[in-house]
Amino acid sequence: MRLPILVLLLAFAIDGPACARDVQVPFVGCRSDGQAGALAAPKDGGHAPRLAEQLALHLSWYASNNTGGVLAPRGWQCFELYGSNGSVLMVAPNGLDQDPFEAKLLGPAIQLSTSLGATSGRFEAARIAARLFPDRKRFVDSVIDEEIVPRSNFIFGTFSHDRIHRLNRDYVEFETPARMDGIGTMTRLRKSGNPIHGLVWMDDDNNATILAVRLTPGQKDLADYIVATMKPR
């Protein structure tokens, strides 16, 4: 019987360093395209994390020019879109080598995206803040008062089906259930038969970042670990 990945990690922690060995996960640079044109994939800057060997066998570090990096299953594709509003790093098993500008992520996928609160990204950042961060109502109201987009675009309160766990004032963990709209589908991940697990956080400049992770049911422990690596320490 195959033990879940997190159970294996716990066993390593109990047995001590003699049984566990940390190794650096493979680095994968992600090409970008956007407002200033196409950008080559970044080179390995030595920032790929070191993980327990048994876990590292399953993962790579996918890094882009603007969004940063994220752990995802080995052998996937990645692409970043960027502009004055922010950036979107998409990682998926396939489909990103066609037209990433039109990509809709229907199956297993990971998205890490940032909407900049001081640029045209403020509209999306304010939508996220209205849903999850009541302490930022003044920021949301300031965007609404511009009257550039309809007030109806900004809905205060969480999605009714989402499971929300507030880690602190600025970080929220979420799960959007299968076949439901929620925070998870405020990304390029479309609703499907599997849930979306993720993390949302905002900084002092009202930049809003979403990590959305959808893997297969058999990879739930792996999805949980990917999200856990982004939580505040």
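The values are calculated or read from the model by the stated rules, or taken from the named source; none is laboratory data. Remember, it's a predicted structure, so these values are computed and weren't measured experimentally. Cβ placement follows ideal geometry from the backbone for every residue including glycine, while neighbour counts extend to all protein chains displayed. Accessible surface is based on the protein model in full, side chains and every heavy atom, while ligands, DNA and RNA are left aside. Shrake-Rupley method; radii C 1.70, N 1.55, O 1.52, S 1.80 Å.
A few comments on the model shown:
- In the stretch 114-127, the residues that are within 19 Å of L81 (Cα to Cα), hydrophobic (A, V, I, L, M, F, W, C) and either touching a Ser or Thr at 6+ places or on another chain (Cβ under 9 Å) or open to solvent by less than 30 Å² (accessible area, probe 1.4 Å) (or both): L116, F123, A125
- Where strands (runs of 3 or more DSSP E) fall entirely within the stretch 108-182, those with at least 1 residues that are among the small types (G, A, S) are at 109-115.
- Residues in the stretch 146-165 that are under 18 Å from L116 (Cα atoms) and open to solvent by 50 Å² or more (accessible area, probe 1.4 Å): E146, I148, N153.
- Among the residues making up the stretch 205-216, a single one is over 21 Å from R188 (Cβ atoms) and either open to solvent by less than 30 Å² (accessible area, probe 1.4 Å) or not polar (S, T, N, Q) (or both): D205.
- Flag for G69 being without any contact (Cβ under 8 Å) to a residue 60 or more places away in the chain and not aromatic (F, W, Y): yes
- Any hit, the stretch 52-66, residues being closer than 13 Å to R188 by Cβ and acidic (D, E): no
- Qualifying positions in the stretch 70-113 - open to solvent by 30 Å² or more (accessible area, probe 1.4 Å), of a type outside the set (G, A, S) and within 27 Å of R50 (Cα to Cα): R74, W76, Q77, V88, P93, N94, P108
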